[in-house]
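Take a look at the structure set out below.
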Amino acid sequence: MTQEVKNYINNRSLQPEFFALIGYLFFIIFAPQERYAWLVPFRPALSFAVLTIVLYFMGRSSQEVYHGSRIPIQGYLLILLSFFFLISIFLNPIFDDGISTTLISYLKLVVLYFLIVAVVKNEYDFEVLTWTVIIFVGLLSIYSLFAYKFGWGEIRFRMASPFGGMGSNPNGFALLLLGILPFPLMFLQRDVSLAKKILLVVISLSILLCIIKTRSRMGFLGIAFLLGLIAWHDRKRIKIVLLTMLIFIIPILHAHENFWERIKSIKETQLKVDRLSSARQNKWRQAIFLIQKHPLSGVGLSGFRRAVRYYGLGEDEHVVHNGYLEIGAETGIVSMLIFLTCIWLTIKKNKEAMKYYKERREKRMFTISSSLHFSMLGFAFCLLFLSEQYNSMLFVLMGLSASSSKLISQFDAVKE
């Protein structure tokens with residue numbers, strides 16, 4: 001390894017904008033502004049996002065611009081998707097509501113994506129940011145269990161984040177936690193200290209128990225899917241397979257009987273599906289009808305339920321429970337294809353990163369890339385059954401994935 005490459009790897013770590021981004025992530029994960037009124041006028045999440053942008057551009061002018069630092073193709077797709085969302089609002093054939101709040105929320109997520117890609121300068125930044133997200137979500141899950149156990153705050157039948165923010169609804173909370181679950185499980189396979197192993201085990205079990213307590217049926221299927229992927233990936237290592245099975249069994253033994261009643265109801269709803277049913281089959285039927293009716297513009301962002309009422313398609317209180325079909329019904333087939341392409345490219349790039357770091361024998365980066373790969377596969381699977389296409393954790397994962405691809409291209413450029 002040349003001195004130039006070594007300087008590149010070790011240089012420019014943890015710049016001021018990095019810490020501003022950490023603050024931004026803290027406010028969108030824990031959302032203290034939702035509980036303390038005095039914080040609202042300060043708009044802390046927005047303020048930290050703006051601060052991150054300002055610090056990034058202030059530092060960038062005096063820094064070397066590396067080769068290979070172009071915007072990832074997924075970034076262009078996310079920007080393009082925002083334009084199609086906007087078009088769907090203005091070409092809405094049914095309603096005229098002006099700019100949708102969903103569009104504003106989506107644009108914030110795109111900003112989050114680009115902030116992660118911009119702020120991560122090298123592998124050290126990348127690893128620290130990954131660990132920060134793991135710790136934040138780990139603390140969130142541990143506190144949630146205590147809050148649920150001892151009645152701190154509002155206790156609901158289905159667990160959601162006691163802080164609001166990212167996991168303010170049970171399905172969203174389940175998917176947020178699923179997005180991080182592969183990381184502590186994969187990190188456990190590395191040669192880490194005993195203290196880290198204990199921490200990772202606690203975080204893993206806390207996440208699993210919280211997902212069970214959300215009583216999210218698709219969250220449970222997501223656990224099975226992810227653990228199955230990890231077990232298959234390490235199928236030649238019997239210890240890992242057995243450990244994965246053990247991890248899966250422990251939270252199941254602690255599941256409340258009401259959780260199993262919800263799991264059983266999947267089969268029951270499949271047997272009795274009609275126009276008044278909230279079963280996914282009926283909601284998917286409605287979405288497909290709307291896609292056929294308005295294939296290019298959709299019925300407008302966030303307009304699915306009103307469109308169902310407008311056309312008299314039956315049950316109109318629930319969303320599609322399929323992120324891909326919901327985007328197609330609300331904003332058209334082109335938008336749905338762009339979103340699918342973005343997900344597919346992210347999964348593909350993560351797979352390539354795994355191969356790249358395996359060949360370089362970079363165990364730390366290989367572990368993170370593997371975790372990202374499994375997380376994105378898990379998200380892609382769960383979006384077949386949940387309308388969580390605007391879940392903040394999805395964009396955090398895509399931002400980290402794009403950062404990994406950027407680092408690979410920059411490292412190769414420096415070597416040349």
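Kindly provide the set of residues from the stretch 192-210 that are surrounded by fewer than 23 Cβ atoms within 10 Å (Cβ to Cβ) and either touching a His at 6+ places or on another chain (Cβ under 9 Å) or within 18 Å of residue 230 (Cβ to Cβ) (or both), ordered by number. So that I can check it myself, show each step before the final result.
Taking the stretch 192-210 as the starting set, the residues that turn out to be surrounded by fewer than 23 Cβ atoms within 10 Å (Cβ to Cβ) are 192-202, 205, 209.
Once the filter is applied, which keeps residues that are surrounded by fewer than 23 Cβ atoms within 10 Å (Cβ to Cβ) and either touching a His at 6+ places or on another chain (Cβ under 9 Å) or within 18 Å of residue 230 (Cβ to Cβ) (or both), the stretch 192-210 yields 192, 197, 200, 201, 205, 209.
Of the residues 358, 351, only one is within 22 Å of residue 121 (Cα to Cα) and over 23 Å from the mean Cα position of the chain (by Cα); which?
Details: 351 fails: over 23 Å from the mean Cα position of the chain (by Cα).
Checking each option against the conditions leaves just 358.
In the stretch 201-224, the count of residues that are within 20 Å of residue 371 (Cα to Cα), of a type in the set (Ser, Thr, Tyr) and at pLDDT 90 or above is one or more. Here residue 70 meets the list (1) modelled with pLDDT of 90 or more; (2) among the basic types (Lys, Arg); (3) outside any helix (DSSP H, G or I) almost entirely, failing just condition (1).
Results for (1) assigned to a helix (DSSP H, G or I); (2) under 21 Å from residue 394 (Cα atoms), shown as yes or no for each residue.
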residue	(1), (2)
297	no, no
301	no, yes
309	yes, no
313	no, no
317	no, no
326	yes, yes
329	yes, yes
334	yes, yes
337	yes, yes
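Those helices (runs of 4 or more DSSP H) of the stretch 141-241 in which 1 or more residues are within 17 Å of residue 386 (Cβ to Cβ) occupy 170-180, 194-213, 217-233.
Could you check, for the stretch 117-137, whether at least one of its residues is polar (S, T, N, Q), in a loop (DSSP other than H, G, I, E, B) and either over 19 Å from the mean Cα position of the chain (by Cα) or within 17 Å of residue 395 (Cβ to Cβ) (or both)? Yes, the stretch 117-137 contains at least one residue that is polar (S, T, N, Q), in a loop (DSSP other than H, G, I, E, B) and either over 19 Å from the mean Cα position of the chain (by Cα) or within 17 Å of residue 395 (Cβ to Cβ) (or both).
The values are calculated or read from the model by the stated rules, or taken from the named source; none is laboratory data. Note that this is a predicted model, so its numbers are computed, not measured. Neighbour counts run over all protein chains shown; Cβ positions are idealised from the backbone, glycine included.
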